[in-house]
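*Asks:* Following this message is one structure expressed as structure tokens.
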Amino acid sequence: MVITVEPGCYFGAALLLPALKFLEEAALLPFMSFGGVRIEDNVLVTATGAESLTHVPRTVGEIEAVMAGGPWPA
């Protein structure tokens, strides 16, 4: 079976602004214009374990290198 794992972090004003009294406002507000990010993985699950089928850059360095025209990491 193949499943998709999609963790995300979003900075939506409609949800966050009413909750600011419970949050660290000074730390949160600089990110409000960013929107958010989601990292998606496709994972093969078998009787003996799981294997990621996703091969994309993950670290900041890898992502910046690819965005600058460098090779896709192996």
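*Asks:* Across region 34-61, which residue is farthest from the chain's Cα centre (by Cα) among those that are free of Cβ contacts under 8 Å to residues at least 12 places away in the same chain and farther than 24 Å from Val2 by Cβ?
*Replies:* Gly61
Residue-wise test of (1) β-branched (Val, Ile, Thr); (2) surrounded by 11 or more Cβ atoms within 10 Å (Cβ to Cβ).
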| position | (1), (2) |
| --- | --- |
| Met32 | no, yes |
| Arg38 | no, no |
| Val45 | yes, yes |
| Arg58 | no, yes |
| Ala65 | no, yes |
| Ala68 | no, no |
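*Asks:* Okay, moving on. Pull up region 8-53, narrow it to residues that are among the charged types (D, E, K, R) and touching a strand residue (DSSP E or B) at 6+ places or on another chain (Cβ under 7 Å), then point me to the one that is modelled with the lowest pLDDT.
*Replies:* Restricting to residues being among the charged types (D, E, K, R) and touching a strand residue (DSSP E or B) at 6+ places or on another chain (Cβ under 7 Å), the top hit is Arg38.
*Asks:* Restricting to region 3-30, name every residue that is of a type in the set (A, V, I, L, M, F, W, C), loosely packed, with under 10 Cβ neighbours inside 10 Å and under 26 Å from Thr59 (Cβ atoms).
*Replies:* Ala27, the sole residue that qualifies.
The values are calculated or read from the model by the stated rules, or taken from the named source; none is laboratory data. Since the structure is predicted, the reported quantities are computational estimates derived from the model, not experimental observations. Counting neighbours? That spans all protein chains shown, and the Cβs are built from the backbone with ideal geometry, glycine included.
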